[in-house]
Amino acid sequence: MSTSSPEPLVIRSLEFMGGMATAVGWRPEPLLPEIAFAGRSNVGKSSLLNKLVHRKKFARVSNTPGRTREVNFFKINGNFVFVDLPGYGYARVSKEKRAEWRPLIEGYLSGSPELRGIVQLLDARRDPTEDDRHMLDYLSEIGVPTIVALTKVDKLTAAQRVRRVDELCLALELEVDQMIPFSAVTGEGRNELGEAIESLLAQPSWRTPAP
Ligand code: GDP
């Protein structure tokens, strides 16, 4: 890429709008296009969000396993919204507790007429968990445009990475161009993800807004 290209997805302002705590609980009026970020706990979601918006502690709230987890809404540049979904599948809690994410996340996804797309995070070094597969199945069932960000790719060699992208695309029935290798450490993938998000935001909603 030419060094003179302007950076995609320039963040001029960022405002926390509030959190949604239950499937039918408060959420901001859906007046602006939304992009939601999903992934299991520890996948690197806070780090990715912080890198994407160039803030050090933007997504810190979502980062404490076990705390009351909410869907957090952030207004960006006054004209679109980033939605930080709670990290799911924290290994050290009971199975029942681990299943608690589903109603909340699915409640958000089904009740958000301005949703334009999802960034689903997967750890480049790990196989997708049952929860990851459930999430991806659910996303394809509702038909929402989905980008996969492959996190922590700085931990893989170039050859390992190519192999991993191929394996994951095959296993999850995804296209290679749906997958963006990302590193919060090196910043790799930040601009590719920014561009992908800009194009999702430019699309009309994939579903008919509720009357
Ligand atoms: P979250 O629970 O999904 O919000 O995950 P965090 O962003 O808190 O990251 C979990 C752990 O992975 C932390 O120890 C991070 O420092 C580490 N981490 C996150 N992103 C990267 C990355 O791109 N590269 C490397 N090497 N470590 C990362």
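The values are calculated or read from the model by the stated rules, or taken from the named source; none is laboratory data. Here the structure is a predicted model, which is why all the values come from computation and not from measurement. Here Cβ is always computed from backbone atoms with ideal geometry, including for glycine, and neighbour counts include all displayed protein chains. These accessible areas exclude ligands, DNA and RNA; they are computed on the full protein's heavy atoms, side chains included. Shrake-Rupley method; radii C 1.70, N 1.55, O 1.52, S 1.80 Å.
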If Thr186 passes every condition in (1) in contact with a helix residue (DSSP H, G or I) (Cβ under 7 Å, 6 or more places away or on another chain); (2) open to solvent by 70 Å² or more (accessible area, probe 1.4 Å); (3) of a type outside the set (Asp, Glu); (4) part of a helix (DSSP H, G or I) but one, which one does it miss?
(4)
Only one of these is out of contact with any Pro (no Cβ under 8 Å at 6 or more places or on another chain), over 22 Å from Ala171 (Cβ atoms), at pLDDT below 95 and not in a helix (DSSP H, G or I): Asn72, Asn50. Name it.
Asn72
Within the stretch 168-183, tally of residues that are within 13 Å of the ligand (Cβ to nearest atom) and open to solvent by 70 Å² or more (accessible area, probe 1.4 Å)
0
Would the stretch 158-167 turn up any residue that is within 16 Å of the ligand (Cβ to nearest atom), open to solvent by less than 50 Å² (accessible area, probe 1.4 Å), among the β-branched types (Val, Ile, Thr) and assigned to a helix (DSSP H, G or I)?
yes
Could you tell me which residue of the stretch 108-126 is farthest from the ligand (Cβ to nearest atom), considering only residues that are over 15 Å from Gly87 (Cα atoms) and in contact (Cβ under 8 Å) with a residue 40 or more places away in the chain?
Pro113
Would you point out which residue out of Asp132, Asp137 is of a type outside the set (Val, Ile, Thr), under 25 Å from Asn50 (Cβ atoms) and within 17 Å of the chain's Cα centre (by Cα)?
Asp132
